[in-house]
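The values are calculated or read from the model by the stated rules, or taken from the named source; none is laboratory data. Since the model is a prediction, treat every value here as computed from it, not as a measurement. So basically every Cβ, Gly included, is an ideal-geometry build from the backbone, and we count neighbours across all protein chains shown.
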Amino acid sequence: MSGGIDERLEVAIRGVLAESRPVTDAPADLRARIELIPASARPSRLPSPVRAWLSAVVPVAGLAAGILAILAFGRMGVLRIPLVSQSPGGGTPTPQAFDPTMVGPGVVASVDEQLGVVPWLVAILGWVAIAVIVRWVARRIRRLAAPVIAIGLALGMLLGLGARSLAVHPGFEWGGSYGPRLGLDMTAEPPAGSDSRDVWYVTVPKGEPFAFGLGLRNPGPLPIRFLGIVEPNSPGVLFYRWSAVWQHDDPHGFMPAIEASSAFHPIDVASGDFVTLYLVARASECAFGPGFVDEDPDTFGFQSRESILVAYSVLGLTATSEIELPFIVAEPVRNSCPA
């Protein structure tokens, strides 16, 4: 009895082993699966330098993009414009009579230079995405490896050229006009034949406003948004400071009387167009005042500015451009100040 059971058990075990580890006659579905397994791995059709490039560029570019993202986005949005007069529409002038005593509109405390950084950050992120896509397609659809790599390289070059073009987009430049002035009643012309500039002297009492007009032009291919004039917060500095910006929005650079200007408002200036500014400043505590005559240099000195720093943005990315004035604004100051 036991012998029969042992024989049946042996037959059952032999059948199980034959199905799990076939020697000759394996089941059809198992044989089909085994035949799909290649004897050896197929060699990659990608050249070794390309495989090495893809393996190296993805992690390195990803790390660089992460670092730049932290640095760039952590500093974005730091354009600070105190007391800016801006309508909800963002571009409509505020109807308001010229008031030289107004303080704040159009004066920017500081600007983050985003224009020179963010385009390269976007380009790096784009390069990472292109490298990942190229690597994925080349490894899974081998017949498309060569054209996909060529397309990826072309897109990467276009992305780099676009980033560079945007990062170096020029800011505002002097538009060739300057004019109406307030509180700059004394001027000195440069000697004949020299390349010097006229000097405009501040002749108002300390704390009183003075102003002048200046035309700006957009020399670049993209629209530029005018955001104001940069004047850092420097407490205790005995120097005249910009207090407000008024403007005239004629795109042809026409410069009317200062009384015809409107209060500051951010404005988009198209390629080749103009915006006219009227910069208002206040005489410093050490200003010599209306009694100044250029005869006794032992009693006075000068504080002067020969350029302005303009805040602007291109495609929402902020930057600054320094513009050399076609004249020098000099403030005579008392040698005994501060007492």
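Take Gly213 and tell me if it is in a loop (DSSP other than H, G, I, E, B) and either at pLDDT 85 or above or of a type in the set (A, V, I, L, M) (or both). Judged against the criteria, Gly213 is not a match. Scanning the range 106-146 for residues that are of a type in the set (Gly, Ala, Ser) and either over 30 Å from Phe264 (Cα atoms) or without any contact (Cβ under 8 Å) to a residue 24 or more places away in the chain (or both) returns Ala123, Gly126, Ala129, Ala131, Ala138, Ala145, Ala146. Looking across the range 257-270 at every residue that is in contact (Cβ under 8 Å) with a residue 60 or more places away in the chain and in a loop (DSSP other than H, G, I, E, B), the one that is surrounded by the fewest Cβ atoms within 10 Å (Cβ to Cβ) is identified as Ala257.
One residue stands out in the range 271-289 among those that are of a type in the set (Ser, Thr, Tyr) and outside any strand (DSSP E or B): the one that is surrounded by the most Cβ atoms within 10 Å (Cβ to Cβ), namely Ser284.
In this structure, Trp246 does not satisfy being buried (at least 19 other Cβ atoms within 10 Å of the Cβ), closer than 22 Å to Gly171 by Cβ and touching an Asp or Glu at 6+ places or on another chain (Cβ under 6 Å). All told, Ala145 meets the bar of being over 30 Å from Ser262 (Cα atoms), modelled with pLDDT under 80 and surrounded by 14 or more Cβ atoms within 10 Å (Cβ to Cβ). Quick check on the range 174-182. Is at least one of its residues out of contact with any strand residue (DSSP E or B) (no Cβ under 9 Å at 6 or more places or on another chain) and surrounded by fewer than 14 Cβ atoms within 10 Å (Cβ to Cβ)? So far as the range 174-182 goes, no, none of its residues is out of contact with any strand residue (DSSP E or B) (no Cβ under 9 Å at 6 or more places or on another chain) and surrounded by fewer than 14 Cβ atoms within 10 Å (Cβ to Cβ).
Mind checking whether some residue in the range 172-180 is within 30 Å of Gly220 (Cα to Cα), acidic (Asp, Glu) and out of contact with any Gly (no Cβ under 9 Å at 6 or more places or on another chain)? Scanning the range 172-180, I find at least one residue that is within 30 Å of Gly220 (Cα to Cα), acidic (Asp, Glu) and out of contact with any Gly (no Cβ under 9 Å at 6 or more places or on another chain), so the answer is yes. The lone criterion from (1) under 23 Å from the mean Cα position of the chain (by Cα); (2) within 13 Å of Ile229 (Cα to Cα); (3) buried (at least 17 other Cβ atoms within 10 Å of the Cβ) left unmet by Ser307 is number (3).
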